[in-house]
Every structure is written in C-alpha cells, then in structure tokens.
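The block underneath contains the structure these notes are about, expressed in structure tokens.
The values are calculated or read from the model by the stated rules, or taken from the named source; none is laboratory data. Here the structure is a predicted model, which is why all the values come from computation and not from measurement. Cβ sites come from the backbone with ideal geometry, for glycine too, and all protein chains shown count toward neighbours. Keep in mind that these areas ignore ligands, DNA and RNA; they rest on the heavy atoms of the full protein, side chains included. Shrake-Rupley method; radii C 1.70, N 1.55, O 1.52, S 1.80 Å.
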Amino acid sequence: MAGSSRGLTRRGLLVLIGAAGCYVLGELADYAMFRALAGFAFGAVVAAVVTAMSRPRAEVTRTVHPDRVERGTPALATLVVRNTTTRRHGGFSARDRAGTTEHRVQVRPLATGAEATYHYELPTDRRGRLNIGPLVLNRSDPFRLVRTNRTIGTTTTVLIYPRRHTVRPAAVAFPRHHYDGPTTDPPLRGSNDLVAVREYVRGDEVRLLHWRSTAKTGVLMVREYTDPALAGVTVVLDTRAGALPAFEDAVEVATSLLYAGAQAGQRCRLITSTGANVATDSGLPGAQHMLDELCLVTQDADPRAGLVPPELATRRPSGSLIVLTGPEADLGRAAIWRPDTVFRLGVAGGRALGNVIAADTAERAVALWNTLRTEPAR
C-alpha cells in the first residue's frame, strides 16, 4: 500500500492568513511596509510548498521480532533506512502505528548509499492480534509551514499470546493394552505390543520379519507394532459475556494447562461457549496451534446460552476434563460430564474444595492446582 498527501500545517495556515491580512491592511492604509510583510509571508509559504514537494525517496523496510510473543514480553520493530539516490538525503521523520500507539522516528540525513537502523519497542501488554503499520514518512520545510505525508509498506501482524504459568500436566489414564482402545495413526516405532502380521512392504525393517509365517506362506511377512492412543485433556472455557469476570486470568489458566499437556505427550482439546472445538496432537506443533487459538479467543458468547453449546454436549470428552468458569455460573450440561476439575475464577482469595478450585487470579489458581496434583511436573 502506498499513497501521499501534502498540506499546510497550522503554522503555515496562520502565516498565510497573516499575509492576506497584512496585504489588505496595507491597501486600506496605503502603507508599503504592510504590503512588503504580506509579500515576504506569502513568498515563505510558496517556498515551503516547493521544498516539501521533494518527497522522501529513501528505501525504508520494517521488520518485527518476534512475530509471536507472550503478553508482557518485549518485542521490537526495526526500521532500516537506505539512501538509494545519487545525492545526500536531507532527513525526515517517520510515524508507525502499533495498535493504538504511534511511534515517531527522526531519520537523520544520509549520504549516498548509506543506511541507518532504528529500533522501538512494541506494546505487548494486551493479548490478541497487534497490527503494525502502515508506515508514514513525513517531510517538512525548515519553518514547518507545509508537510508532506507518504504512506508506504504494508501492515505487519504480531500475535500476543496469553501468559503461561508453570503447571503440572493433568493426570490422565492410559489404556493397559492396545485392545482397550484406538491406536495411533501412523503407528509409532518402538512399541512392544504385536498388532498384526502382514506382507512385507519395501522399506520395512528386516528385524521385523516373521520367519514362521514366511515359511508357511512362501511370502515375506513382517510383524507390525503400534502404540495406544495418547491420553487426552479437554478444557472447557466459559466465553459467555459477563459470566466470567476474570476472563483474562481464565485464559491464562487454560493456556498453561493445555500447553503443559501437549508438552507432556497428551492430546489437547479446547471447547468454548462460542462453539469453538479445537483438537490438537501432542508435542510442540500442537502446543503452538493451541496458543494461536487462545491468543484470539474472546468473551462474546450469548450470556443466555449454556456453558457448552448443544451440538458439542452430546458426549463427554475422553481423558481429563477441566472447566473454567465464573463464581456463580451454572455448569449446565457440563455438570453431567462430571468434570475432573472446575476452576471458578473471580472469587476473593483462593481455596480448593473437592474438585473445585476457586481463586481471584491465575497465579493463585495455578498454585492451588499444583498443590493438588500428585503427578510430578514435567
């Protein structure tokens, strides 16, 4: 995106009005000094217009690092200005918008072929998507009577994740045998449970050959092993408007639990009152995908709706089930699922009773959770 505009500044407009007033006064009073002052003022405005018409021709690029950051963690934008013309550059100012904040950078004059680098910190105090740009270059005359604005570049996006707290992953049960439940797809190497004996396929390991079956069939046969489906953890986040006063704290707790679960080898799932149903695999890719989702979650569901939408309340999610809601919110259909843990955020102080953890902040809620968990932290 690119564009430009120019116009008189407030000072330039006052000078132009003063020039007109002096000229009228000089004509009415037949006083040459006022006419001369009017000429000088008008000439200054014309000279300023000619000067400001020479737009900045430097090459300006912006980079942002990192493009994904936890709330409250520093992030920097870098402007690199290069003078690609054949003459010295006179300098200018640049304005870059980051959300509701505007940063001003004064670019010093540059010789031919020279470049300069400028840094400024981005606001990361609010979770969500931060739009940066477009970049506006400003050029003015020495008396600042006329200003030229030139818009260049595109908008850059930075994702500001919720804060994560150190938590113990949810305790989940694993099937004792593969026959107790589904298996992973594709099969993982290294398992000790035999699932089937099948015909050899190019690329199979020789050590898996099943010689007895090969002798009977006359065809190379191999043993196939697999692992049981990974245990999972599901977090139900109340996104109904007004139901959860400490919504940001609830998002931080959900982020911490799901991230720890994915890193501990658990399949993770996020359900919201808005209707989101996000399931991810374990490991870093799954944790990253869950962070992207929780970065943009909002408290915009109908306050009269249930905690869990009807289309998602047909069957209890497998594995460990955790619900995050407000102090007085009704669990509705989620109560039938018998959640393993219910977090009620927005309660003064902090306490744990049975499977209910009530706290006023994410830090206190996580501390109570870690106290109750017997599984070692990973």
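Tabulated values for the structure
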{"quantity": "For the chain, convex hull volume per residue from C-alpha positions, Å³", "calculated": "243"}
{"quantity": "Nearest-10 value in Å² for the accessible area of Ile336, using the 1.4 Å probe", "calculated": "140"}
{"quantity": "Listed residues Pro123, Thr341, Thr214: farthest to the positive end of the dipole of the chain (Cβ charges)", "calculated": "Pro123"}
{"quantity": "Given charges at Cβ of Lys, Arg, Asp, Glu: the stretch 4-121 dipole, positive-most of Val60, Gly90, Val105", "calculated": "Val60"}
{"quantity": "Net charge of neighbours whose Cβ lies under 12 Å from the Cβ of Trp337, counting Lys and Arg as +1 and Asp and Glu as -1", "calculated": "+3"}
{"quantity": "Dmax and Rg, reported as Rg then Dmax, of the stretch 245-378 (C-alpha, Å)", "calculated": "14.2, 40"}
{"quantity": "FRET efficiency estimate (nearest 0.05) - Cβ-Cβ, Leu209 to Glu293, R0 51 angstrom", "calculated": "0.70"}
{"quantity": "Heavy-atom accessible surface of the stretch 60-145: percent carbon and sulfur, 1.4 Å", "calculated": "47"}
{"quantity": "DSSP bridge orientation in the chain - percent antiparallel, rounded to nearest 5", "calculated": "70"}
{"quantity": "Compactness index (Cα Rg / 2.2 N^0.38 Å), the stretch 323-378", "calculated": "1.13"}
{"quantity": "Candidates Thr100, Thr341, Thr217, ranked by Gaussian network fluctuation over the chain, Cα under 10 Å, top entry", "calculated": "Thr217"}
{"quantity": "GNM flexibility winner over the chain from Leu294, Leu145, Leu270 (Cα, springs under 10 Å)", "calculated": "Leu145"}
{"quantity": "Nearest-ten-degree value, helix 10-29 long axis tilted from longest Cα axis of the chain", "calculated": "20"}
{"quantity": "Within-15-Å neighbourhood charge of Asp360 [Cβ basis; K, R +1; D, E -1]", "calculated": "-2"}
{"quantity": "Average Cα contact separation per residue, the stretch 113-168, under 8 Å, 6 or more apart, as relative contact order %", "calculated": "37"}
{"quantity": "Over the stretch 74-131 - Rg/Rh using Cα atoms and the Kirkwood inverse-distance radius", "calculated": "1.09"}
{"quantity": "Solvent-accessible surface (1.4 angstrom probe) belonging to Glu102, in square angstrom, nearest 10", "calculated": "70"}
{"quantity": "Cα pair distances exceeding 18 angstrom across the stretch 16-138, given as percent", "calculated": "65"}
{"quantity": "Listed residues Ser318, Ser282, Ser273, most fluctuating in the chain (Gaussian network, C-alpha, under 10 Å)", "calculated": "Ser318"}
{"quantity": "Nearest-10 value in Å² for the accessible area of Glu70, using the 1.4 Å probe", "calculated": "50"}
